[in-house]
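J.: Take this structure, written in C-alpha cells, and hold onto it; I'll ask about it next.
The values are calculated or read from the model by the stated rules, or taken from the named source; none is laboratory data. Just so it is clear, the structure is predicted and the values come from calculations on it, not from any experiment. For neighbour counting, all protein chains shown are included, and Cβ atoms are generated from backbone atoms with ideal geometry for every residue, glycine included. Surface accessibility is based on the protein's heavy atoms, side chains included, excluding ligands, DNA and RNA. Shrake-Rupley method; radii C 1.70, N 1.55, O 1.52, S 1.80 Å.
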Amino acid sequence: MRRGYELGASQEDIDAAIADLDPVTITYQPSAASEASIQSPSGTQLAKAIEEKSGGKITVDVVWGQAIAGYGEVHDALADGRVDLAYTLPVYQPTEFPAVNALGDMLAGISPSPFTGEMVANAVAADVSWDSPEIVEEYTSKGITPLVPVVASGGYYSVCSDPGMEKDDWQGRQVRIASATQNDLMASIGASPVSIEYVETFEALQRGTVDCTLAQLVPSAEGGIFEVAPHVGYMTETSYTRSPGAILAGTKYEQLPLAYQQILFDVYADYYQGQMMTTIGGNAEGIKQAKEADGEIVEFPADLQTEIGEFNDAKKEEIQSSGILGDDITSRVEESEQQWTEKIEELGFTDGGSTADFDEWYDTETDYREVGQAVYDDAFVDHRPGAEG
C-alpha cells in the first residue's frame, strides 16, 4: 500500500508502481455548473490528467453543479466521504477558515491585469498557502487533505447596471459583495454593501434590488449577468481582495495506495492549466459579453484607486498584527509576488493591451503548464505524499 514512485518518474515507472493496484473511482465536484460551462476546464483538465497519469486505473466521476453538496456543505461532504475531491470556497465560512480568508485579503493589490496578474495571484496563493501551517491545519483538523490549499481564483471587478465609476457615482449605491472585507471596503467609499447568495445576483440586478456586484468575470459571463449589468469598472494600480478557493481531498484520499495519492498530487500543472483557461479565458469572455450588451469598460479614476489601495494596506497591517498567518506574512506575500512576477515574465508571458480590449488580444491557445510546473517544483514538492519530513 505504501509503495509509491519517485518524484519526476517516467510514465513507464509510474505504470510499474501501480501495476498490481486495484482500480478505484473517485467522485470529484469541480466549480462549474456543467461540462459545457465556461468554467469547465478547471474540472475537465484535472480529471483528464488524473486518469491519464494512472493509465485509467483511477476513474474520476465528475459531478457538476455541486449536485452532491453545495459550497456551504462541501467540506462536511469531504469529511464524511460523500465527495472525494472538490473545489471549495472557504470564503463562505470565514469563522471556520480564518487563516485561508486572511490570505485572500492579503492578495489585494496584486497586479489587476486580466492575464499575467491572474497567473501571478494564483501562483502566490499556492506558494504562500503551502508555507503557512495555519492554513493547512484548518483543513487537516477537519479530516480534509489540501491538494491546493488556496486557489486565488479570478480577480474582482465592479459590474453595474448603470454607467459611472467616479467616486461620486458610488455614494449610496447598493452593491452586492462576496466577503466581509469587501463589505467594509464598499462602506468606506460611500456605497451600501449587500450580502446575497451569488445565485440570486442576476435577479437582484434585474429588479434593481442592487445596483452593482463585485464579481469575477467568468461566473458573471456564465450567469448572464452582463445582460442586466453590462458596465464594468477595472483597476490598474491596485486590486480588490480575493475570495479564496481550494482543491481538497476527502477521507478516501488517505486510504488510497501511496502511488495513487501521488498521482492526484502530481497533476497540479494540469490543474493550473485548467484554472487559467477558466479564469483568464473567462475574463476575455466577460469583456466580450459586456461590450455586446453595450456596456462601458471603464478604468477606475486615480483618486478612487488610491483610496482602495489605502484600504487594502490598512487591512494587511491588521492581518499582520493579528498574527493569524505569522508575523512575517506581509514580507512573504511581497517576496512571492516579486518571485512569480519575474518568473512569469521570464517564461515569456506579457500583457498585450489593456483590460478594456482584453477580448481582442487574448490568445485562447495559451499554454500555462510551464508556469504551473514551476509553482509545483517550488512550493509543492516538500508536501508531496511520501516526502521525507
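J.: Taking Rg and Dmax of the Cα atoms in Å straight from the coordinates, which label in [x] 29.0, 97; [y] 21.4, 64; [z] 20.4, 68 is the correct one?
T.: Checking each listed value against the structure points to [z].
J.: First select every other residue whose beta carbon is under 13 angstrom from the beta carbon of Gln206; then total the charges, Lys and Arg +1, Asp and Glu -1.
T.: -2
J.: Rounded to a whole number, what % of the accessible area of the chain do carbon and sulfur atoms account for, probe 1.4 Å?
T.: 44
J.: Still on this structure, I have one more. Just by accessible area at a 1.4 angstrom probe, what is the order of Val232, Val62 from largest to smallest?
T.: Details: Val232 0, Val62 40 Å².
Largest accessible area first, the list is Val62, Val232.
J.: Moving on to the next point. Could you pull out every residue, at least 5 positions away or on a different chain, whose amide H is within less than 5 Å of the one on Val63? Hs are placed 1.01 Å off N in the peptide plane, and Pro or chain starts have none.
T.: Tyr28, Gln29
J.: If you average the C-alpha positions of the range 373-387 and of the range 300-370 separately, how far apart do those two centres end up, in angstrom?
T.: Going from one Cα centre to the other spans 22 Å.
J.: Order 87-97, 41-51 from most to least packed using the mean count of other Cβ atoms within 10 Å.
T.: 41-51, 87-97
J.: While we're here: Just report the Cα centroid separation between the range 81-101 and the range 241-262, whole Å.
T.: The range 81-101 and the range 241-262 have Cα centres spaced 12 Å from each other.
J.: For the chain, compute the number of Lys pairs whose alpha carbons are separated by less than 29 Å, excluding pairs fewer than 8 positions apart on the same chain.
T.: 19
J.: Here's something else I'd like to know. Enumerate the helices in the chain for which the Kyte-Doolittle hydropathy averages -0.5 or more and the C-alpha atoms extend at least 15 Å along the helix's axis, using complete DSSP H runs.
T.: 116-130
J.: Just add up the charged neighbours of Phe349: K/R +1, D/E -1, any other residue whose Cβ is under 10 Å from the Cβ of Phe349.
T.: Counting the neighbours of Phe349, the net charge comes to -3.
J.: Consider a paramagnetic label point 7 Å from the Cα of Ser188 along Cα→Cβ; state which residues of the range 317-351 have an amide N under 13 Å from it.
T.: Residues 317-319 qualify, since their backbone N sits under 13 Å from the label point.
J.: Further question on the same structure: Summing Lys, Arg as +1 and Asp, Glu as -1, what charge do residues with Cβ under 12 Å from the Cβ of Gln216 carry, Gln216 excluded?
T.: -2
J.: Follow-up. Calculate the FRET efficiency for Arg3 and Gln171 from the Cβ-Cβ distance with a Förster distance of 56 Å, rounded to the nearest 0.05.
T.: In this case the efficiency is close to 0.30.
J.: Right, something else. With a probe of 1.4 Å, find how much accessible area the chain has per residue, and write the answer as a whole number in Å².
T.: 39
J.: Give me the percent relative contact order of the range 31-150, please, defined on Cα pairs under 8 angstrom at least 6 residues apart.
T.: Relative contact order, the range 31-150: 17 percent.
J.: Quick one: which of 373-379, 268-274 comes out on top by average Cβ neighbours within 10 Å, and what's the full order, highest first? Can you show the working numbers first?
T.: On the way: 373-379: 18.9, 268-274: 24.3.
Output ranking for 373-379, 268-274: 268-274, 373-379.
J.: What relative contact order, as a whole-number percentage, does the chain give when Cα pairs under 8 Å and 6 or more residues apart are counted? Please report the intermediate quantities before stating the final value.
T.: On the way: 747 pairs, mean separation 94.2, N = 389.
Worked out over the chain, it gives 24 percent.
J.: Which order do the peptides 191-204, 149-162, 208-221 take when ranked by the mean count of other beta-carbon atoms within 10 Å per residue, highest first?
T.: In descending order of packing, they fall as 149-162, 208-221, 191-204.
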